[in-house]
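Enquirer: This is the structure I have questions about; it appears just below.
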Amino acid sequence: MPTLGVEFLGFKMKNPFILASAPPANTIEMIERAFEQGWGGAVTKTIPLEKVPVHDVSPRIHSIGFPGFEADARKVYAFGNIELVSQKHADYWMAGITQLRKNWPDRFVMASIMADGGAQGDWVELAQRSEQAGALAVELNFSCPHGGMPPHAVGAAIGQDPVIAARIVRWVREAVKIPVLVKLTAAVSDLRQLGRVLIDAGADGFCTINSFPVLLGVDLQTHSPMPSVHGKGNLGGYTGRALKPIALRATSEIAPLGKPVSGCGGLTTWEDAAEFVLLGATSLQVCSAVMLEGYGIITDLCDGLMGYLEEQGADSLADLRGKALANIVPHARLEYERRMVSTIDLATCTRCGKCAISCRDAGYQAINEAADRTPAVDPRKCDGCGLCTQVCPVWDCMKLEPATATT
Ligand SMILES: Cc1cc2nc3c(=O)[nH]c(=O)nc-3n(C[C@H](O)[C@H](O)[C@H](O)COP(=O)(O)O)c2cc1C
């Protein structure tokens, strides 16, 4: 029987799934309820010092639906939020961390902390108090897009400045013995370079990634950005399914640096989890999927991932970790010679015409329609770009097949 157990930053976790520092980890009571349902760990909502006032606006969460379901909250494709760090301060969290460690010694508990970029004493105090409280690691929040505690320039403003970020890592690394993890923003030009700088400064691992800075939308009647706070708005943090490709890219860039990585961003299903592992993640953090479906998703995440291990003949996630990395190669090393052409399964084709329209106006004019709209691919014209297979609404109706000698 394979195991979902992983060793992360020296701690043996029963499964890799951790509540991200976010609304699902807003209080100790909530984290304990998640642990009861089987979550392997939690990162506290980012902890501010007592002296820092946290004034959240209302509303602060908005969403984008799947196309065609824009107004349907159950079909959320992405959230955009302008929420700040925890409204509860260090005193609450430190007592809570101690309680969590006592009641749940087999769960990974990490303190997410944030202070002003220049405030060495505040970073050191937060890290040392977290360590004394029993936190197994600290996660430095260098990545909230809207600044975690206005009017300070914090969050992503730190993660986008290697000099400031490295200086803070050094302060914290020297102040505590527990591992120091850096939660990154993908809104930087070169994550690999930043990662190397932070490793040199003493970072023990990374979380890839926090939410991505976006402007979620504009209300056409009021001209207000969304979420609209009485007519005004601010850049928000993009999360949920839409974030996954950005998070996978970040994970694939940071994992080869050799430090443990906690994959985060858009993880919704066990398949997503497996993708992060194949790109080198050891633990996995989740926020938006819990915001949508609740803590109970942990059962499907674990069952699905276990089934995948069995199917792959793997004993543990360590057997699969990073397996996809070697397949990410420079474009110049991709295979240019083997040509593919589109094929259509006329038995399942609905004659909707989508493939022909896309090929005509954005492809190679290789799909002709008969009078009854039955499509046919001209293999000599088809360039194998794959567009038609992606716009076809019928699963597996259109496929790319190797071109034959006659095509
Ligand atoms: C409403 C909201 C508040 C968040 N607050 C924090 C926070 O306080 N600290 C932090 O590091 N990340 C925060 N995050 C980011 C999440 O921890 C996570 O990195 C991000 O949502 C991507 O994961 P997901 O796609 O699973 O949601 C927040 C996310 C949301 C949606």
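Enquirer: Please list, or write none, the lysines whose alpha carbon is within less than 22 Å of the alpha carbon of LYS381, excluding same-chain residues fewer than 8 places away.
Expert: Those lysines meeting the cut-off are LYS354, LYS399.
Enquirer: While we're looking at this one, here's another question. In the structure shown, do any of LYS14/LYS177; LYS45/LYS183; LYS183/LYS259; LYS75/LYS183; LYS183/LYS244 have a Cα-Cα gap over 19 Å, and if so which?
Expert: From the list (LYS14/LYS177; LYS45/LYS183; LYS183/LYS259; LYS75/LYS183; LYS183/LYS244), the Cα-Cα distance tops 19 Å for LYS14/LYS177; LYS75/LYS183.
Enquirer: Right, next: For VAL341, which sequence-distant residues (separation of 5 or more, or a different chain) have an amide H within less than 5 Å of its own amide H, given hydrogens modelled in the peptide plane?
Expert: Amide H to amide H, under 5 Å and 5 or more residues apart or across chains, VAL341 pairs with GLU401, ALA403.
Enquirer: May I pose another question? Averaged across orientations, what area in nm² does the convex hull of the alpha carbons in segment 276-407 project? The partial results should precede the final answer.
Expert: On the way: hull surface 49.3 nm².
In nm², the orientation-averaged hull projection of segment 276-407 is 12.3.
Enquirer: Give the aspartates and glutamates whose C-alpha is closer than 17 Å to that of LYS323, dropping any in the same chain fewer than 8 places away, or say none.
Expert: GLU253, GLU271, ASP272, GLU275, GLU310, GLU311, ASP315
Enquirer: Take the alpha carbon gyration tensor of segment 258-315, find the square roots of its eigenvalues, order them as a ≥ b ≥ c, and report rounded if a/c is under 1.5; if not, report prolate when a/b exceeds b/c, else oblate. Don't skip to the answer; put the middle values down first.
Expert: On the way: a/c = 2.48, a/b = 1.18, b/c = 2.10.
It is oblate, given that a/c is not under 1.5 and a/b is not larger than b/c.
Enquirer: For segment 113-271, what is the relative contact order in percent, using Cα pairs closer than 8 Å and at least 6 residues apart in sequence?
Expert: Values: 312 pairs, mean separation 32.1, N = 159.
Result for segment 113-271 is 20 percent.
Enquirer: Quick check: from the Cα gyration tensor, does segment 69-129 come out rounded (a/c under 1.5), prolate or oblate? All intermediate terms of the calculation are to be shown ahead of the outcome.
Expert: Working: a/c = 3.23, a/b = 1.53, b/c = 2.11.
Oblate.
Enquirer: Treating the beta-carbon of each Lys and Arg as +1 and of each Asp and Glu as -1, no other charges, what is the dipole magnitude of segment 335-402 about its Cα centre, to the nearest 20 debye? Let's see the in-between values first.
Expert: Working: 9 positive and 10 negative charges, 26 e Å.
Charge dipole, segment 335-402, about its Cα centre: 120 debye, nearest 20.
Enquirer: For segment 1-115, rounded, prolate or oblate, judged on the Cα gyration tensor with a ≥ b ≥ c (square roots of eigenvalues), a/c < 1.5 rounded, else prolate if a/b > b/c?
Expert: On the way: a/c = 2.51, a/b = 1.19, b/c = 2.10.
Oblate, because a/c is 1.5 or more while a/b does not exceed b/c.
Enquirer: If you don't mind, there's one more thing I want to ask. Output the relative contact order of segment 335-402, whole-number percent, from Cα pairs under 8 angstrom with separation of 6+ residues.
Expert: On the way: 114 pairs, mean separation 30.2, N = 68.
Here the relative contact order equals 44 percent.
Enquirer: Right, here's the next one. Taking all pairs of distinct Cα atoms, average 1/r, flip it, and tell me the Kirkwood hydrodynamic radius of segment 335-402 in Å to one decimal place.
Expert: Values: mean 1/r = 0.0846 Å⁻¹.
Evaluated on segment 335-402, it is 11.8 Å.
Enquirer: Another question about this same structure. For SER112, list long-range residues whose amide hydrogen, built 1.01 Å from N in the peptide plane, is under 5 Å from its own amide hydrogen.
Expert: Placed amide hydrogens put THR44, ILE47, GLU139 under 5 Å from SER112.
Enquirer: Below 8 Å, C-alpha to C-alpha, sequence gap of six or more: please give me the relative contact order for segment 6-327 in percent.
Expert: Working: 731 pairs, mean separation 57.2, N = 322.
Rounded, it is 18 percent for segment 6-327.
Enquirer: Also: Can you work out the accessible area per residue across segment 335-402, with the rest of the protein chains kept in place, probe 1.4 Å, in square angstrom? It would help to have the intermediate numbers written out before the result.
Expert: Working: 4500 Å² over 68 residues.
Normalised by residue count, the accessible surface of segment 335-402 is 66 Å².
Enquirer: Per-residue ellipticity at 222 nm for the chain, helices alone: DSSP H runs ≥ 4 residues times -39500 (n - 2.57), over residue total, nearest 500 deg cm²/dmol?
Expert: Values: 12 runs with 122 residues, N = 407.
Using -39500 (n - 2.57) per qualifying helix, the result is -9000 deg cm²/dmol.
Enquirer: Using θ = phi - 60° and the Karplus curve 6.51 cos²θ - 1.76 cosθ + 1.60, what whole-Hz ³J(HN,Hα) does each residue of segment 198-215 get, with Gly and Pro shown as x?
Expert: 6, 5, 4, 7, x, 4, 8, x, 9, 10, 10, 8, 7, 4, 9, x, 9, 10
Enquirer: Go through segment 387-396 residue by residue and turn each phi into a ³J(HN,Hα) via Karplus (6.51, -1.76, 1.60, θ = phi - 60°); whole Hz please, and just put x for glycine and proline.
Expert: 4, 4, 5, 8, 8, 4, x, 9, 4, 6
Enquirer: Right, something else. Which net charge results for the neighbourhood of VAL43, defined as the other residues with beta-carbon distances under 13 angstrom from its beta-carbon, given Lys and Arg at +1 and Asp and Glu at -1? Let's see the in-between values first.
Expert: Details: positive: LYS45, ARG107, LYS183; negative: GLU139.
Its environment carries a net charge of +2.
Enquirer: Another question about this same structure. Per the 1.4 Å probe, what fraction of the accessible area of segment 6-327, in percent, lies on carbon and sulfur atoms? Numbers along the way, then the final one.
Expert: Values: 6730 of 12880 Å².
C and S atoms contribute 52 percent here.
Enquirer: Moving to a separate point now. Quick test of your reading: applying the under-4.7 Å Cβ rule, which cysteines of the chain are isolated?
Expert: So far as the 4.7 Å Cβ criterion goes, CYS144, CYS207, CYS264, CYS287, CYS302, CYS349, CYS352, CYS359, CYS382, CYS385, CYS392, CYS397 stand without a partner in the chain.
Enquirer: Per-residue HN-Hα couplings for segment 97-105, Karplus 6.51 cos²θ - 1.76 cosθ + 1.60 at θ = phi - 60°, whole Hz, x for Gly and Pro?
Expert: 4, 4, 4, 4, 5, 6, 7, 9, x
Enquirer: Have a look at the chain and give its Rg and Dmax from the Cα atoms, expressed in angstrom.
Expert: When restricted to Cα atoms, the chain yields Rg and Dmax of 23.6, 76 Å.
Enquirer: Continuing with the same structure: Near HIS89, within a Cβ-to-Cβ distance under 13 Å, what is the net charge of the other residues, with Lys and Arg +1 and Asp and Glu -1? Mind showing how you got there, number by number?
Expert: Working: positive: LYS45, LYS51, LYS88, ARG129; negative: GLU50, ASP91, ASP122, GLU125.
That works out to 0.
The values are calculated or read from the model by the stated rules, or taken from the named source; none is laboratory data. All figures in this text were calculated on a predicted structure; none of them were measured in a lab. Heads up, the Cβs are rebuilt from the backbone with ideal geometry, glycines too, and the neighbour counts pull from every protein chain shown. In case anyone asks, the SASA skips ligands and DNA or RNA and just uses the protein heavy atoms, side chains included. Shrake-Rupley method; radii C 1.70, N 1.55, O 1.52, S 1.80 Å.
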